[in-house]
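Engineer: Right, I'll just put the structure down here and ask away after.
The values are calculated or read from the model by the stated rules, or taken from the named source; none is laboratory data. It should be emphasised that the depicted structure is a prediction, and the values quoted were computed from it without experimental measurement. Every residue, glycine as well, gets a Cβ built from its backbone with ideal geometry; the counts of neighbours run over all protein chains shown.
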Amino acid sequence: MPVAVQIFEPVHATSHVVFASPHSGRVYPPDLLARAQVAGHVLRSSEDAYVDLLLADAPHFGAPLITSEVPRAYVDFNRADSELDPALIEGAPRGGMNPRVASGLGVIARVVANGRHIYSGKLSMTEAQRRIERYWRPYHAALAGLMQRQHARFGQVLLADIHSMPHEALSGHALRGHPRPEVILGDRFGAACGGDVLDRVEEVFHRAGLVVARNTPFAGAYIAQRYGQPSRGMHVIQIEIDRRLYLDEARVAPGPDFQCFRALMGTVVAGIAEIGRADDASKMAAE
């Protein structure tokens with residue numbers, strides 16, 4: 001069975017940044033495999049496959065990394081525990097569904113990429129709550145604790161919540177005469193992160209030679225909404241990376257450019273971690 005949460009700590013914590021990859025889990029529980037009506041590689045299409053490996057150097061730069069082995073098709077940590085899909089979960093309330101749940105992407109997913117149904121029937125509420133208690137709650141307890149610890153230690157915290165997006169998700173989102181975005185930074189239009197922090201993270205990606213856009217088509221979901229409180233010095237940016245940069249999407253396997261892109265992401269991780277050190281040094285100097 002998958003491990004709910006993994007935290008990779010630096011030997012010396014020197015940055016207030018927290019790196020996270022909540023959707024890179026790839027240990028599929030037997031009960032999911034037994035019930036799924038789609039092939040394994042189709043189930044895997046919902047993963048942010050290997051993003052955890054792209055971030056593996058974070059502890060070397062003084063920042064913790066939090067991940068999970070739990071696949072997104074089993075439990076989605078970027079949804080509220082109340083986002084239960086009545087089309088999948090027996091007894092789930094039908095009123096007040098948001099578009100994510102209505103599309104089949106609640107905390108327990110009904111579909112994977114391109115709207116393919118995972119199950120032939122419904123799941124019981126007992127099963128849904130079992131998954132939430134066993135995996136969702138421990139992950140969020142650990143993430144909240146890590147955020148609070150960093151904030152208490154440094155006076156502020158930046159959560160770099162890093163995901164990957166299908167290449168096709170950006171179709172139609174490039175402005176005429178402008179290059180197609182490769183990275184989307186989502187701060188819920190300023191509600192989850194201070195503008196100066198977002199500017200500095202964007203500059204890190206620009207220096208790495210990547211094309212960046214903001215909030216469209218991904219502005220940030222539950223994690224950014226729950227943990228982003230910039231007025232209190234708690235910043236969250238949801239970062240989406242085009243999978244084609246490093247992944248063979250059809251096979252859900254590292255692509256031919258994986259190692260080169262992993263090295264590039266090492267410079268990005270170092271640059272974002274440095275923001276945490278620079279801010280803290282400035283704060284100490286001011287005091």
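Engineer: Please find, among Pro30, Pro99, the residue that is surrounded by fewer than 16 Cβ atoms within 10 Å (Cβ to Cβ) and at pLDDT below 95.
Structural biologist: So the residue among Pro30, Pro99 that is surrounded by fewer than 16 Cβ atoms within 10 Å (Cβ to Cβ) and at pLDDT below 95 is Pro99.
Engineer: With the condition kept exactly as written, say whether any residue in the stretch 10-20 is part of a helix (DSSP H, G or I), surrounded by fewer than 20 Cβ atoms within 10 Å (Cβ to Cβ), in contact with a helix residue (DSSP H, G or I) (Cβ under 9 Å, 6 or more places away or on another chain) and not charged (D, E, K, R).
Structural biologist: Scanning the stretch 10-20 turns up no residue that is part of a helix (DSSP H, G or I), surrounded by fewer than 20 Cβ atoms within 10 Å (Cβ to Cβ), in contact with a helix residue (DSSP H, G or I) (Cβ under 9 Å, 6 or more places away or on another chain) and not charged (D, E, K, R).
Engineer: Taking Arg79, is it among the charged types (D, E, K, R), surrounded by fewer than 19 Cβ atoms within 10 Å (Cβ to Cβ) and either assigned to a loop (DSSP other than H, G, I, E, B) or in contact with a Phe, Trp or Tyr (Cβ under 6 Å, 6 or more places away or on another chain) (or both)?
Structural biologist: Working: among the charged types (D, E, K, R): yes; surrounded by fewer than 19 Cβ atoms within 10 Å (Cβ to Cβ): no; either assigned to a loop (DSSP other than H, G, I, E, B) or in contact with a Phe, Trp or Tyr (Cβ under 6 Å, 6 or more places away or on another chain) (or both): yes.
Judged against the criteria, Arg79 is not a match.
Engineer: Sticking with this structure for a sec: Would you check if there is a residue in the stretch 117-127 being in contact (Cβ under 8 Å) with a residue 60 or more places away in the chain, under 30 Å from Phe261 (Cα atoms) and not in a loop (DSSP other than H, G, I, E, B)? Can you show your working first?
Structural biologist: In the first step, residues of the stretch 117-127 are kept if they are in contact (Cβ under 8 Å) with a residue 60 or more places away in the chain; the result is 117-120.
Among the residues that remain, those that are also under 30 Å from Phe261 (Cα atoms) are: none.
There is no residue in the stretch 117-127 that is in contact (Cβ under 8 Å) with a residue 60 or more places away in the chain, under 30 Å from Phe261 (Cα atoms) and not in a loop (DSSP other than H, G, I, E, B).
Engineer: Does Ala73 satisfy the criteria of being closer than 23 Å to Gln150 by Cβ, among the hydrophobic types (A, V, I, L, M, F, W, C), modelled with pLDDT of 95 or more and part of a loop (DSSP other than H, G, I, E, B)?
Structural biologist: no
Engineer: Would you mention how many residues in the stretch 254-272 are under 21 Å from His167 (Cβ atoms) and touching a residue at least 40 places away in the same chain (Cβ under 8 Å)?
Structural biologist: Residues in the stretch 254-272 being under 21 Å from His167 (Cβ atoms) and touching a residue at least 40 places away in the same chain (Cβ under 8 Å): 7 in total.
Engineer: Here is a list of conditions, (1) part of a loop (DSSP other than H, G, I, E, B); (2) in contact with a strand residue (DSSP E or B) (Cβ under 7 Å, 6 or more places away or on another chain); (3) under 22 Å from Val236 (Cβ atoms), and His163 meets all of them except one; can you say which number that is?
Structural biologist: (1)
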